[in-house]
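A short reminder: the numbers here are calculations on the coordinates, not readings from a lab. Note that this is a predicted model, so its numbers are computed, not measured. So basically every Cβ, Gly included, is an ideal-geometry build from the backbone, and we count neighbours across all protein chains shown.
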Amino acid sequence: MQPCAYLYDDIYLKHDTGSGHPERPERLTAIDKRIRSLPFYDNLVKIEKNKALIECIELIHDKDYINRIKSEIESGTVYLDSMDTVVCRDSFEVALYAAGGCMNMCDTVMDKKAYTGFCAIRPPGHHAERAQAAGFCIFNNIAICAKYLQKEYDLKRVAIVDWDVHHGNGTQHSFEMDPSVYYISTHQYPHYPGTGDLNERGIGAGKGFNLNIPMQAGSSDRDYIEAFESTIIPELDRYSPEIILISAGFDAHNLDPLSSIHLSSESYYTFTKMLLNIAEKHSGNRLIAFLEGGYDLDALAEGVEMVFKAFME
Ligand SMILES: [Zn+2]
């Protein structure tokens with residue numbers, strides 16, 4: 001068994017989205033409670049929170065955007081850029097700690113103190129654009145980490161697999177001109193945020209390094225496994241990534257209230273195992289999952305448990 005890392009901190013509960021918002025602190029509480037109950041919890045390498053430097057956030061986001069949302073949040077605004085992205089006075093700081101904790105995870109995996117890791121953080125990130133908050137996301141944690149890994153560790157090929165039920169518009173837009181990050185997404189389509197068409201294959205030098213696999217409402221484990229086996233795994237095998245990052249949302253689960261895809265909890269075990277095989281073959285076993293969506297608390301906790309189950313085998 002190879003060492004596996006886990007990032008969680010109570011600070012991530014301080015991003016208060018108000019009553020009735022699906023992206024709520026209880027999501028993380030449910031995950032952490034479940035992970036603590038697992039027999040291998042004591043063996044997990046615990047990753048500390050860390051406040052990201054603004055210059056690291058600027059790897060993806062415009063300075064003007066960072067300054068704007070900082071001042072909006074400090075002045076007590078409730079909505080950032082849309083009614084979806086609800087914030088409180090602590091949200092800017094918590095978002096910095098989310099990105100920074102994920103960067104700590106990257107360092108841990110690159111230093112070989114762990115091979116796999118799961119970042120249980122919020123706010124999530126994959127909808128956040130260079131200069132716009134969107135869909136519960138403030139900073140694009142996974143995109144920042146991809147850039148950080150390239151800058152700090154000189155990685156030439158980073159793969160991002162996004163199995164959240166929504167398309168990661170912010171991540172695609174961050175890298176669609178860049179062949180050194182291959183973004184692959186499965187998502188319900190058409191659905192929020194509207195991007196993620198099959199024809200969006202990248203731009204310029206990035207052509208061929210962006211892959212969208214739109215899934216129809218009603219799709220099941222079988223449809224997703226078929227997409228992994230016929231397309232995602234062969235593409236990753238060809239690309240030979242030096243690390244695999246997962247935008248791990250659990251909102252394509254059958255019980256999730258925000259979508260109409262019918263995945264079982266076990267499907268997340270199957271996806272993780274398939275990606276671990278690629279990581280073993282190409283990436284020195286390096287694979288990190290970043291929490292995105294997932295709004296049914298039981299399905300969310302169980303989905304994360306399945307990822308760990310695959311990691312710990
Ligand atoms: Zn989602």
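I need every pair where a residue in region 88-103 that is touching a residue at least 60 places away in the same chain (Cβ under 8 Å) has its Cβ under 8 Å from the Cβ of a residue that is crowded, with 24+ Cβ neighbours inside 10 Å and among the polar types (S, T, N, Q), sequence separation at least 6 or different chains.
Pairs that qualify, where the first residue is touching a residue at least 60 places away in the same chain (Cβ under 8 Å) and the partner is crowded, with 24+ Cβ neighbours inside 10 Å and among the polar types (S, T, N, Q), are Ala98/Asn141; Cys102/Asn141.
Could you list, ordered by first residue, the pairs with Cβ atoms under 8 Å in which the first is in region 34-49 and more than 27 Å from Leu96 (Cα to Cα) and the second is part of a helix (DSSP H, G or I) and not hydrophobic (A, V, I, L, M, F, W, C), at least 6 apart or interchain?
What qualifies is Leu38/Glu305.
Within region 269-280, which residues are closer than 24 Å to Ser240 by Cβ and either out of contact with any Asp or Glu (no Cβ under 7 Å at 6 or more places or on another chain) or within 16 Å of the ligand (Cβ to nearest atom) (or both)?
Matches in region 269-280: Thr270, Phe271, Thr272, Lys273, Met274, Leu275, Leu276, Asn277, Ala279, Glu280.
Pairs under 7 Å by beta carbon, first residue more than 21 Å from Ala252 (Cβ to Cβ) and part of a helix (DSSP H, G or I) in region 274-294, partner aliphatic (A, V, I, L, M) and away from the ligand (no atom under 16 Å from the Cβ), six or more apart or different chains?
Ala279/Ile244; Ala279/Leu287
Working only within region 231-263, note down all residues that are free of Cβ contacts under 8 Å to residues at least 60 places away in the same chain, surrounded by fewer than 17 Cβ atoms within 10 Å (Cβ to Cβ) and within 16 Å of the ligand (Cβ to nearest atom).
Listed by number, the list holds a single entry, Asn254.
Any chance region 210-230 includes a residue that's among the small types (Gly, Ala, Ser) and within 16 Å of the ligand (Cβ to nearest atom)?
yes
Those residues that are surrounded by fewer than 19 Cβ atoms within 10 Å (Cβ to Cβ) and either among the polar types (S, T, N, Q) or not in a loop (DSSP other than H, G, I, E, B) (or both), I need them from region 29-51; list them, please.
Correct list: Thr29, Lys33, Arg36, Ser37, Tyr41, Asp42, Asn43, Val45, Lys46.
Which of the residues spanning region 272-293 are buried (at least 24 other Cβ atoms within 10 Å of the Cβ) and either over 17 Å from Cys102 (Cβ atoms) or among the aromatic types (Phe, Trp, Tyr) (or both)?
Thr272, Leu275, Phe290 - these are the residues of region 272-293 that are buried (at least 24 other Cβ atoms within 10 Å of the Cβ) and either over 17 Å from Cys102 (Cβ atoms) or among the aromatic types (Phe, Trp, Tyr) (or both).
Let me confirm something: among Arg157, Arg130, Arg122, which residue is under 26 Å from Lys70 (Cα atoms) and away from the ligand (no atom under 13 Å from the Cβ)?
Within the list Arg157, Arg130, Arg122, the selection yields Arg130.
For region 243-264, state whether one or more residues are among the aliphatic types (A, V, I, L, M), under 23 Å from Gly101 (Cβ atoms), in contact with a helix residue (DSSP H, G or I) (Cβ under 6 Å, 6 or more places away or on another chain) and part of a helix (DSSP H, G or I).
For region 243-264, residues among the aliphatic types (A, V, I, L, M), under 23 Å from Gly101 (Cβ atoms), in contact with a helix residue (DSSP H, G or I) (Cβ under 6 Å, 6 or more places away or on another chain) and part of a helix (DSSP H, G or I): absent.
With the checklist (1) in a helix (DSSP H, G or I); (2) within 13 Å of the ligand (Cβ to nearest atom) in hand, flag the one item Ala301 doesn't pass.
With (1) in a helix (DSSP H, G or I); (2) within 13 Å of the ligand (Cβ to nearest atom) applied to Ala301, the lone miss is (2).
Can you pull out the residues in region 72-89 that are acidic (Asp, Glu) and within 11 Å of Thr17 (Cβ to Cβ)?
Result: Asp84, single match.
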